[in-house]
Amino acid sequence: GHNDSGGEQVARWAPKARVVKALNSAFANLMADPLFPGGRSVMLVAGDDPEARKLGAGLCEDLGFTAQELGGIEDSRMIEAFGWTLINLATRCGLGNQIGFALLRRS
């Protein structure tokens, strides 16, 4: 939804934890191999603690993703919507689960 997210719920359930939302903007089958002919699939990361968020991003990079930090845990809402977009592309649009998102930048 737009008013809450699973990431925020977990943060409320564990108020002393440094909660980071990641690893749900790619299908499970890409976790072992996020490399595509055009580059690496992007993994979005959010969390209120900058150090924990950076650690989460580093773990995503270690898995082979291009990690992109978004900001605080409230940005989990965008990550979760991103996941739903991916699911819709795979199912409703018939693209299947061999798809991922890329982040493109002009230099």
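The values are calculated or read from the model by the stated rules, or taken from the named source; none is laboratory data. None of the values given here were measured: they were computed from a predicted structure. Quick reminder, even Gly has a Cβ in these numbers, built from the backbone with ideal geometry, and neighbours come from all protein chains shown. Accessible surface is based on the protein model in full, side chains and every heavy atom, while ligands, DNA and RNA are left aside. Shrake-Rupley method; radii C 1.70, N 1.55, O 1.52, S 1.80 Å.
Over the range 31-106, what is the relative contact order in percent, taking alpha-carbon pairs closer than 8 angstrom and at least six residues apart? It would help to have the intermediate numbers written out before the result.
On the way: 88 pairs, mean separation 25.9, N = 76.
With pairs under 8 Å counted, the relative contact order is 34 percent.
Given the rule -39500 (n - 2.57) for each run of at least 4 DSSP H residues, summed and divided by the residues of the chain, what is its mean residue ellipticity at 222 nm, to the nearest 500 deg cm²/dmol? Write out the running numbers ahead of the final one.
Values: 3 runs with 37 residues, N = 107.
Only helices count here, giving -11000 deg cm²/dmol.
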Next on the checklist: Quick check for me: using +1 on Lys/Arg Cβ and -1 on Asp/Glu Cβ, what's the dipole size of the chain about its Cα centre, in debye to the nearest 20?
Outcome noted: 180
Checklist entry - What spacing in nm lies between the two simple spin-label points modelled at ASN29 and GLN68, each 7 Å away from Cα in the Cβ direction? => result 2.4
Item to check | Net charge over other residues, Cβ less than 15 angstrom from the Cβ of LEU55 (K, R count +1; D, E count -1) | outcome: -2
Checklist entry - Helix 76-91 versus the longest principal axis of the chain: what is the Cα-based angle in degrees, 0 to 90, to the nearest 10? => result 30
Checklist entry - What per residue convex hull volume, in Å³, comes out for the range 1-91 when only alpha-carbon positions are used? => result 96
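With every protein chain present, what is the per residue accessible area of the chain (1.4 Å probe, Å²)? Let's see the in-between values first.
Numbers: 6760 Å² over 107 residues.
For the chain, the per-residue accessible area is 63 Å².
Give the carbon-plus-sulfur fraction of the accessible surface of the chain in %, rounded to a whole number; probe 1.4 Å, heavy atoms of protein chains only. Don't skip to the end; give the middle numbers.
Values: 3840 of 6760 Å².
Carbon plus sulfur share of accessible area: 57 percent.
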Checklist entry - Using 0.36 nm per residue, how much length does the chain from ARG105 to LYS16 gain when fully extended, once their Cα-Cα distance is taken away? => result 28.4 nm
Next on the checklist: Bin width 5 Å, origin at 0, all Cα-Cα pairs of the range 52-105: what percent of pairs per bin?
Outcome noted: 5, 17, 20, 25, 21, 10, 3, 0
Item to check | In Hz, Karplus ³J(HN,Hα) per residue of the range 55-60 (6.51, -1.76, 1.60; θ = phi - 60°; x = Gly, Pro) | outcome: 4, x, 5, x, 5, 5
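For a quick check of your reading of the filter: which trypsin sites (Lys or Arg not before Pro) in the range 1-83 sit in a DSSP loop and have no more than 12 other Cβ atoms within 10 Å? Mind dumping the intermediate values first?
Working: sites: ARG12, LYS16, ARG18, LYS21, ARG40, ARG53, LYS54, ARG77; in loops: LYS16, ARG18.
For trypsin sites (Lys or Arg not before Pro) across the range 1-83 that sit outside H, G, I, E and B with at most 12 neighbouring Cβ atoms in 10 Å, the list reads LYS16.
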